[in-house]
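Beneath this line is the structure, given in structure tokens, with notes to follow.
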Amino acid sequence: MFGFSMSSFQFEMGTPGSEDPYSDWWFWCRDVENIMAGLVSGDLPEHGPGYWDLYRIDHDLAVKLGMNVIRFCTEWSRIFPKPTYNVKVDVGRDEDGGIVSVHIEEKHLRKLDEIANKNAIERYREILADWKGRGKKVILNLNHFTLPIWVHDPLKLRKDPANPHIPRGWLSDDTVIEFAKYAAYVAWRLGDLVDYWSTMNEPTAVYVNGFINVKSGFPPGILSVEYSLKAMYNLIQAHARAYDAIKYYSKKPVGIIYVFTWVDPLRGDEDKEAVEEAMYEANYMFMDAIVEGKTSLRRTGTSLSISIDRADLKGKIDWLGLNYYTRAVATRDEKLGYKFIPGYGNLCQPRGISKAGRPVSDIGWEIYPEGLYNIVKAVYERYRLPIVISENGVADEKDCLRPRYLISHLTMLHKALREGVDVKGYLIWSLIDNYEWARGFSMRFGLAYVDYNTKKRYLRPSALVFREIAKNKEIPEELLALREI
């Protein structure tokens, strides 16, 4: 499969009436304190590309470029702008309070249907039916960072984090239950239009950026290792319970989309242990919990610790979405075990050159296609799951880097395929320019340039490179010279 990935919050808004003012990110990105502090750009999502109304134009464009799959995303806050807590379901817990089951019957779904925004669910059906009607496939992802404001109020939470009456997002066990209800409802209402399910996209970004990398501009921006681990634990539980809920109403494969980072050592064998720790925390700690039902984390000289061993979490995955953008370079650190070195990976000067002599994208990420081959091989050998490259792309407004980026990364993917890795598809981020979270509209990832004033789409030259590969299912000989970065 060749196609593109998108999220709801980043793509939907931009035309009159397409606004969704019910999510945590809606309030977060327009907060004056966040803007003044430089945590967010000040750009507003309601000025975005407008996929909500212009989806047929984008689908036409995707077909023209040889795409046969879309990774779609529904927005929880659109479907349920009002709380669903009053729809009571049976919840099973273990002796430690872990949520081992959420039993959602059709009678519950009918009550949820009374609460749901019918216009939103019908528009999602229209969009998916338009794409499916063209004979194409749909991967439906249920969550891409955002939460309804009744689930998570990040501005209030940041000011009063100890207040139990403030909607706490993934810090609350209740969110696990509500997410399972949302997943069951979407599977019930849209399941006939879906080929693959994904519960969530890049949970790492939520629990790391929200509570550790607080300068990233992600809500709620509270520096707390304890909160980060709590959010991770609830995201693991939420995935497992959503997996169960979807499976009850759909026979299609259910997976998760995770961002993976290949880690290289700064000093060879001297940093081998540091690399192993970094690889585990970045790539395997979360995944082990939903594949094996077990995971653990400890850091020497710190209080950081988590241990999970639960049979109810094991095997809750049929396929794996692998997002890859760049690598990291690590070395030993006496206090933290390891640290990442500036000048490599995502710690580079935008539009510059990395310490390894590699070009760097507009967002400051080193272009390192070998990392895609390395991480795909490592992840497949560890989990033996079918893989879809669910995001791969580059912020490159002038389209100087993207043609080589595409060819070099697909060359590495082809190498992995030849060596037996079960890769089912390649999806670029993205078809069109989009709202890049705290960065706003400053980062341009699209094969097509979007004029945000007129909403017109204009193909970049790299789109024609993608088209040749997607339509021919090979890299044409005349483009092979672009393999080298």
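The values are calculated or read from the model by the stated rules, or taken from the named source; none is laboratory data. From a predicted model like this one, the values you see are computed outputs, not experimental measurements. Don't worry about glycine lacking a Cβ; one is built from the backbone with ideal geometry, like all the others, and counts go over all protein chains shown. Heavy atoms of the whole protein, side chains included, go into the accessibility calculation; ligands, DNA and RNA do not. Shrake-Rupley method; radii C 1.70, N 1.55, O 1.52, S 1.80 Å.
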Listed here are the pairs 88/314; 424/473; 215/355; 82/316; 136/181; which of them are more than 18 Å apart at the Cα? 88/314; 215/355; 82/316; 136/181
Above 21 angstrom, tally the Cα pairs of the stretch 270-366 and express them as a % of all pairs, no decimals. 49 percent
Subtracting the Cα-Cα distance of residue 331 and residue 472 from 0.36 nm times their residue separation yields 46.5 nm
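Heavy atoms only, probe 1.4 Å: what % of the accessible area of the stretch 366-485 goes to carbon and sulfur, would you let me know? Can you show the working numbers first?
On the way: 2270 of 4830 Å².
Here it works out to 47 percent.
Volume per residue, Å³, of the convex hull around the alpha-carbon atoms of the chain? Let's see the in-between values first.
On the way: hull volume 68.0 nm³, N = 485.
Hull volume normalised by residue count: 140 Å³.
How large is the convex hull of the Cα atoms of the stretch 160-200 per residue, expressed in Å³ as a whole number?
Numbers: hull volume 3.1 nm³, N = 41.
That works out to 75 Å³ per residue.
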For residue 456, go through the lysines and keep the ones whose alpha-carbon is under 20 Å away, minus same-chain ones fewer than eight residues off. 64, 398
With the other protein chains left in place, how much accessible area per residue, in square angstrom, belongs to the stretch 244-310 at a 1.4 angstrom probe? 47 Å²
At R0 = 30 Å the Cβ-Cβ FRET efficiency linking residue 125 and residue 31, nearest 0.05, sits at 0.35
Could you work out how much longer the chain between residue 224 and residue 451 gets when fully extended? Use 0.36 nm per residue separation minus the Cα distance between them, nm to one decimal. 77.8 nm
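Counting only GluC sites (Glu not before Pro) that are in a DSSP loop and have at most 14 other C-beta atoms within 10 Å, tell me the longest site-free stretch of the chain. If you can, show how the numbers build up before the last one.
Working: sites that count: 95, 105, 334, 419, 474, 484.
It works out to 106-333.
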Surface/4 of the Cα convex hull for the stretch 19-111, nm²: 10.8 nm²
How much mean residue ellipticity at 222 nm does the chain get from its helices, if each DSSP H run of length 4 or more adds -39500 (n - 2.57) and you divide by all residues, to the nearest 500 deg cm²/dmol? -10000 deg cm²/dmol
Treat each spin label as a single point 7 Å out from the Cα along the C-beta direction, and report the residue 114 to residue 15 distance in nm. 3.4 nm
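Return an integer: the convex hull volume of the alpha-carbon atoms of the stretch 148-251, in Å³ per residue. Please report the intermediate quantities before stating the final value.
Values: hull volume 10.2 nm³, N = 104.
Roughly 98 Å³ of hull volume per residue.
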Collect residues whose amide H, placed 1.01 Å from N in the peptide plane, falls under 5 Å from the amide H of residue 102; neighbours closer than 5 in sequence don't count. 92
Quick one: give the max-minus-min coordinate of the C-alpha atoms of the stretch 74-201 along each principal axis, largest first, in Å. 51, 32, 27
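Skip the ligands, DNA and RNA, and give the accessible area per residue of the stretch 165-204 with a 1.4 Å probe, whole Å². Mind showing how you got there, number by number?
Details: 870 Å² over 40 residues.
Ligands and nucleic acids excluded, the result is 22 Å² per residue.
Quick check: from the Cα gyration tensor, does the stretch 257-311 come out rounded (a/c under 1.5), prolate or oblate? Could the numbers behind the result be given before it?
Numbers: a/c = 2.74, a/b = 1.46, b/c = 1.88.
It comes out oblate by the Cα gyration axes.
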